[in-house]
């Protein structure tokens with residue numbers, strides 16, 4: 001039984017999260033050849049002010065909008 005832990009910055013709608021979970025379930029099932037019913041996904045939502053990149057809070061002038069590098 002695959003159990004996936006995902007951390008997302010908060011602010012997405014319930015519909016977006018459901019669409020994401022469905023896509024991840026499908027990809028996991030297809031790749032690992034396991035029934036979708038066995039795939040578990042745990043999504044943790046983190047407030048932007050609690051997310052840091054290279055010691056800089058997300059949204060600060062020196063962090064990129066996508067959270068990746070400079």
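Here residue 67 meets each of (1) in a loop (DSSP other than H, G, I, E, B); (2) modelled with pLDDT of 90 or more with one exception, condition (2).
For the stretch 1-16, which positions are surrounded by 10 or more Cβ atoms within 10 Å (Cβ to Cβ) and assigned to a helix (DSSP H, G or I)? Answer for the stretch 1-16, where residues must be surrounded by 10 or more Cβ atoms within 10 Å (Cβ to Cβ) and assigned to a helix (DSSP H, G or I): just 16. Applying a threshold of 8 Å to beta carbon distances and a minimum spacing of six or more residues, or different chains, the list of pairs starting in the stretch 7-18 at a residue that is closer than 19 Å to residue 51 by Cα and ending at one that is assigned to a loop (DSSP other than H, G, I, E, B) reads 9/47; 9/51; 9/58; 9/67; 10/47. Is it the case that the stretch 27-37 has a residue that's at negative phi, outside any helix (DSSP H, G or I) and over 13 Å from the mean Cα position of the chain (by Cα)? Among the residues of the stretch 27-37, at least one is at negative phi, outside any helix (DSSP H, G or I) and over 13 Å from the mean Cα position of the chain (by Cα), which makes the answer yes. Going by what's in this entry, would residue 19 be described as loosely packed, with under 13 Cβ neighbours inside 10 Å, modelled with pLDDT of 90 or more and not in a strand (DSSP E or B)? So residue 19 passes the test.
The values are calculated or read from the model by the stated rules, or taken from the named source; none is laboratory data. Predicted model, so just to flag it, every value in this text is computed and none were measured. Reconstructed Cβ throughout: ideal geometry from the backbone, glycine too, with neighbour counts over all protein chains shown.
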